[in-house]
Amino acid sequence: MSRTYSIKDNLVENRLFINRIVAAFIAISLLTSGLVVRLIYLQIVGHEHYASLAKDNSVKIVPLVPTRGLIYDRHGKVLAENTPSYSLEIIPEQVPDMDDTLSRLQKLLDIPEEKIELYQKQRKRQKRFTSTPLLIGLNEEELAKFAVVRPYFPGVDIHTRLVRHYPYSDLTAHVIGYVGRINEAELKDLPVEEYRGSSHVGKLGIESSYETELHGKTGYAEIETNVQARPLNTLNEANPASGTNLYLTLDIDLQKTAYDALGIYNGAVVAIEIKTGGVLVFASRPGFDPNPFVVGIANDAYQTLQSSENQPLYNRALRGLYPPGSTVKPFIALAGLEYDAISAQQKLFCPGYYQLPGSPHKYRDWRKGGHGSVDLNEAITESCDVYFYRLASTLGIDRIHEFMQKFGFGEKSGIDLVGEKEGLLPSREWKFEKKKQAWYPGETLITGIGQGYHQVTPLQLARATATLANRGVIVTPYLVDRIATLTESKPGPARQLGSIPLKSENINDVVNGMINVVHSQRGTAKGISKNINYQIAGKTGTAQVLGIKQNAKYNENDIDFKYRDHALFIAFAPADNPKIAVAVVVENGGHGGSVAAPIAGQIIKQYLNDEMAKPANEN
Amino acid sequence: MKTETRREHFEPPSVLGNILRKLHIDIPLFIGLFFASLLSFVILYSAGSQDMDILMRQGARVGLAFLLMTVLAHVNPYQFKRYSAMLFGMGLFLLFAVLIMGQIGKGAQRWLDLGVFRFQPSEMIKITTPMMIAWYLSEHALPPKPKQLFIATLLILIPTLLIAKQPDLGTALLVASSGAGVLFFAGLSWRFMLGMSAVLASLTPILWHFMHGYQRDRVLTFLNPEADPLGRGYHIIQSKIAIGSGGVYGKGWLGSTQSELDFLPESSTDFIFAVFAEEFGLFGCLGLLVLYLLIIARCLFIASQAQDTYSRLLASSLAFTFFVYVFVNIGMVIGVLPVVGVPLPLISYGGTSIVTLLAGFGILMSIHTHKKFL
């Protein structure tokens with residue numbers, strides 16, 4: 001039964017299958033005919049049209065490069081602009097005799113041999129019929145010389161290009177960064193279509209972190225050209241959209257004050273507007289002139305910059321790591337009060353050194369004879385080390401680490417610049433993981449005065465100071481205030497919110513100590529309190545570069561300049577209604593009070609004077 | 001009866017022919033594939049800017065592919081049938097594996113790194129899906145009943161969606177059509193197919209919703225390439241210029257200006273047909289299409305001669321899928337279909353697709369050369 005069934009089925013199946021094979025072949029033939037019809041349409045009917053399009057690529061789709069957005073400071077002063085520059089460019093395919101042309105040009109314009117070689121190298125990498133620059137930044141004389149003989153140089157022409165220019169040069173190099181030629185590695189990561197016509201990309205600083213906004217959107221033009229690839233006529237065009245302009249929170253006048261105030265020293269100054277987190281000053285000295293980087297810096301000039309002992313390419317404000325020294329003391333004091341490890345009125349005796357129980361090692365105070373009996377306020381004012389050794393010992397490293405972390409030590413501040421360093425806030429876990437060693441009690445003591453493993457960036461220090469001045473409401477620094485086109489404007493980066501729960505009277509106790517640093521006769525930075533009608537709260541710091549032996553004496557004049565201590569100062573003002581927070585690090589500056597504090601004082605005075613003058617002007 | 005079968009068998013007179021027959025190689029099909037691969041080298045040399053490196057790498061791949069074809073031609077088709085379900089299951093498992101690994105690695109992943117070499121499960125699924133469907137349907141009487149139809153559709157959809165998720169629209173399309181091909185040759189009623197087409201058309205908006213941004217861009221660009229000549233429309237415009245400028249006779253070998261000037265992107269991979277059309281013109285294109293049609297015709301002939309339902313369905317589906325390759329690729333290059341990543345079979349550079357393709361032809365040869373004489 002089933003046997004007959006299956007045979008019958010097989011017959012039916014067989015016929016059905018052959019039918020389908022035939023149907024499939026017919027369908028395949030029909031569809032293929034469709035392809036053939038389309039091919040006939042393209043290759044016979046449309047041949048002339050397409051052949052003319054393809055002939056010497058007679059219609060070129062030319063990208064229209066958008067103008068890069070400008071960068072302004074908070075008062076509208078231009079920090080990065082585009083200026084026209086003339087370049088001598090050659091389209092190799094249009095030159096009848098390249099060697100002859102180059103040697104005649106070389107004679108005419110006195111072109112150095114290495115530029116010719118560079119051009120020869122570049123030319124080989126270019127696509128056909130693209131214009132390759134031989135000389136850039138031509139001056140008036142060179143322009144005139146070439147203009148006269150231009151008919152004798154087919155394929156050679158003067159082009160105008162916009163070149164990025166940084167009018168403030170080394171003053172803003174570490175904030176704005178610079179643009180440079182796109183290199184091969186960057187080419188892989190950039191969107192091909194958008195950068196079809198662009199030659200430059202932001203390499204550093206704001207130019208790099210806001211590349212997308214500054215670059216704009218590439219347009220295109222369909223251009224009909226003749227056999228020599230000379231443009232005849234534009235068929236179709238879509239305009240590029242210029243990059244958006246950036247308005248920074250930076251105050252270039254204040255920046256200049258800070259940069260000049262550093263004078264002969266290397267160092268960094270960061271000032272933050274407390275209420276917003278906007279960065280007012282972001283100075284790192286020495287800077288460098290970013291303009292040569294735009295057109296391509298000569299190799300030896302770059303080597304000089306790189307090998308310079310002062311390291312001008314090094315962004316100290318963002319990446320410099322320094323021991324905070326005594327500038328941590330206000331934070332340690334606040335930790336002591338918050339954890340009830342000490343009360344503000346409690347007095348401790350300072351004999352000039354501190355010893356851990358059962359250890360002969362003497363941890364010395366900076367003042368040889370000691371400070372006598374001091375309370376919290378006096379300990380901050382006079383920067384008494386022994387007070388903070390004892391306090392740190394009572395607190396222990398775990399609580400110090402926990403508390404300091406809240407102020408952003410040991411982590412990136414989140415500023416809108418790339419390459420920020422995290423610094424290092426030591427902890428028991430960190431030491432075990434990195435050094436495979438237990439934490440020693442002595443290390444807690446020196447952490448209490450900002451020595452040892454603890455390392456901060458000037459930016460971090462400024463941020464922590466601003467957060468303290470803001471009474472625990474966390475301040476996140478940023479540089480871009482507004483991103484604006486002609487028609488619309490949007491705010492800069494989103495700001496991180498949050499606050500540290502702190503007792504108001506504890507903050508007051510610490511701040512009063514910091515006010516006395518500047519305003520009391522015994523304060524370590526009393527020099528900057530003259531001629532002001534408000535109060536500055538500050539703290540000096542001195543960070544050791546060189547370890548000093550137990551019984552040796554540190555004498556500034558005896559040692560090499562580069563081993564002198566770093567001078568630090570943090571401050572905010574006015575103390576009762578803080579507007580600005582400043583952190584200053586002066587490398588090898590010696591004492592914080594004498595070198596770093598006056599720089600901060602100058603910035604605070606200038607900023608608050610401007611602020612007070614403002615409402616009068618505006619009304 | 002016996003003489004009939006003998007006559008239909010290709011009778012090679014030479015020693016070489018005898019060797020090929022011992023190797024279970026189908027000679028007409030072999031000749032077609034051989035010429036296509038030869039053509040591949042000729043065009044690649046021109047499209048790849050005369051880079052010998054590309055030719056060497058392609059040569060290695062083609063060699064491997066022909067070897068695999070020969071090995072598979074030796075296997076008795078009964079073995080394919082027997083392991084169909086298992087191979088399909090394995091393929092699915094590997095697809096899931098890359099999907100999960102892709103999610104861990106955050107990003108599109110199609111490869112399974114086996115240390116020594118990288119393996120693309122979606123390539124294996126291209127063959128195992130029609131095997132699975134053919135096996136499943138051949139276990140029941142034809143034409144398939146609604147229940148079998150439902151299960152078969154499900155079996156096709158699972159790998160298709162997994163691959164579309166990778167996202168690899170081109171391969172997903174090929175897998176779906178290889179499965180659908182089996183259903184068609186199994187005698188799916190015309191009325192049902194019409195109904196399905198209507199349903200699919202109405203599903204388009206939903207499909208649109210699930211597409212990736214770039215996939216949508218491709219469809220939009222296909223509908224109006226001139227809207228975005230610098231970006232996505234660039235390929236289509238440039239490839240039409242290349243093909244059209246080739247004319248009837250073409251610009252001659254190495255005469256392509258469009259690929260030479262870098263106007264034509266992906267000129268050695270998915271858009272190689274444009275270079276071919278520019279250099280060899282309409283006559284060349286017709287020649288290539290005839291070569292493809294001959295290969296397909298031979299495959300359909302093999303299918304029609306196959307002795308059991310499984311072999312028939314599998315063979316005809318493989319032939320059909322080969323045509324889909326050709327049609328979708330050429331269709332996209334000449335601007336009548338949207339740009340999906342399907343290579344020109346046997347000609348395009350790169351990918352493992354040539355290995356899979358020749359593996360399929362190996363199965364076809366196995367079906368043809370292992371017939372029992374009734």
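The values are calculated or read from the model by the stated rules, or taken from the named source; none is laboratory data. Remember, it's a predicted structure, so these values are computed and weren't measured experimentally. Quick reminder, even Gly has a Cβ in these numbers, built from the backbone with ideal geometry, and neighbours come from all protein chains shown.
Among the conditions (1) facing chain B (nearest Cβ under 9 Å); (2) at pLDDT below 90, the only one that A:Leu64 does not satisfy is (1). The residue list A:Gly408, A:Gly396 contains one member that is more than 25 Å from the chain's Cα centre (by Cα) and either assigned by TED's automatic domain parsing to the domain that holds A:Ile507 or on the phi > 0 side of the Ramachandran plot (or both), which is A:Gly396. In region A:169-184 there is at least one residue that is closer than 25 Å to A:Glu93 by Cα, in a helix (DSSP H, G or I) and under 27 Å from the mean Cα position of the chain (by Cα).
Close Cβ contacts (under 8 Å, 6 or more residues apart or on different chains) running from residues in region A:413-427 that are touching a residue at least 40 places away in the same chain (Cβ under 8 Å) to residues that are assigned to a loop (DSSP other than H, G, I, E, B) and of a type in the set (Asp, Glu) comprise A:Ser413/A:Glu420; A:Gly423/A:Glu411.
How many of the residues in region A:464-508 are of a type in the set (Asp, Glu) and either crowded, with 19+ Cβ neighbours inside 10 Å or outside the structural domain of A:Phe403 (by TED's automatic domain parsing) (or both)?
Residues in region A:464-508 being of a type in the set (Asp, Glu) and either crowded, with 19+ Cβ neighbours inside 10 Å or outside the structural domain of A:Phe403 (by TED's automatic domain parsing) (or both): 1 in total.
Collect the residues in region B:314-368 that are closer than 14 Å to B:Ser37 by Cα, in contact with a Phe, Trp or Tyr (Cβ under 7 Å, 6 or more places away or on another chain) and assigned to a loop (DSSP other than H, G, I, E, B), keeping them in residue-number order. Within region B:314-368, B:Leu344, B:Pro345 qualify.
Please pick out the residue among B:Ile243, B:Ile302, B:Ile296 that is more than 7 Å from chain A (Cβ to nearest Cβ) and either within 30 Å of A:Glu13 (Cβ to Cβ) or at pLDDT 80 or above (or both). Exactly one of B:Ile243, B:Ile302, B:Ile296 is more than 7 Å from chain A (Cβ to nearest Cβ) and either within 30 Å of A:Glu13 (Cβ to Cβ) or at pLDDT 80 or above (or both), namely B:Ile302.
Among residues of region A:292-345 being in contact with a Lys or Arg (Cβ under 9 Å, 6 or more places away or on another chain) and acidic (Asp, Glu), the one that is nearest to A:Val179 (Cα to Cα) is A:Glu309. Are any of the residues in region A:146-169 hydroxyl-bearing (Ser, Thr, Tyr), crowded, with 16+ Cβ neighbours inside 10 Å and either farther than 29 Å from A:Asp99 by Cα or at pLDDT 85 or above (or both)? Yes, that holds for at least one residue. What number of residues within region A:151-205 satisfy the criterion of being of a type in the set (D, E, K, R) and more than 22 Å from A:Ile297 (Cβ to Cβ)? Of the residues in that region, 6 qualify. For first residues located in region B:162-174 and more than 13 Å from B:Met211 (Cβ to Cβ), partners that are modelled with pLDDT of 90 or more and aromatic (Phe, Trp, Tyr) and lie 6+ apart or on another chain with Cβ distances below 8 Å form the pairs B:Leu174/B:Tyr325. Going residue by residue through region B:275-285, is there one that turns out to be more than 10 Å from every other protein chain (Cβ to nearest Cβ), crowded, with 24+ Cβ neighbours inside 10 Å, in contact with a Cys (Cβ under 8 Å, 6 or more places away or on another chain) and outside any loop (DSSP other than H, G, I, E, B)? Looking through region B:275-285, at least one residue is more than 10 Å from every other protein chain (Cβ to nearest Cβ), crowded, with 24+ Cβ neighbours inside 10 Å, in contact with a Cys (Cβ under 8 Å, 6 or more places away or on another chain) and outside any loop (DSSP other than H, G, I, E, B).
Candidates B:Pro345, B:Pro338: the one that is touching a helix residue (DSSP H, G or I) at 6+ places or on another chain (Cβ under 6 Å), crowded, with 19+ Cβ neighbours inside 10 Å and more than 10 Å from chain A (Cβ to nearest Cβ) is B:Pro345. Can you say whether B:Pro205 is in a helix (DSSP H, G or I) and surrounded by fewer than 20 Cβ atoms within 10 Å (Cβ to Cβ), as far as the supplied structure shows? Judged against the criteria, B:Pro205 is a match.
If the condition is being part of a helix (DSSP H, G or I) and either surrounded by fewer than 24 Cβ atoms within 10 Å (Cβ to Cβ) or touching a Lys or Arg at 6+ places or on another chain (Cβ under 6 Å) (or both), then region A:446-459 contributes only A:Ile446. Filtered by the rule that a residue be under 28 Å from B:Ile241 (Cβ atoms) and of a type in the set (Phe, Trp, Tyr), region A:22-53 gives A:Tyr41, A:Tyr50. For region A:523-559, a residue qualifies if it is at pLDDT 70 or above and in a loop (DSSP other than H, G, I, E, B), and the qualifying residues are A:Gly523, A:Thr524, A:Ala525, A:Lys530, A:Asn531, A:Ile532, A:Asn533, A:Tyr534, A:Gln535, A:Ile536, A:Gln544, A:Val545. On inspection, A:Glu422 qualifies as within 30 Å of A:Val473 (Cβ to Cβ) and not aromatic (Phe, Trp, Tyr).
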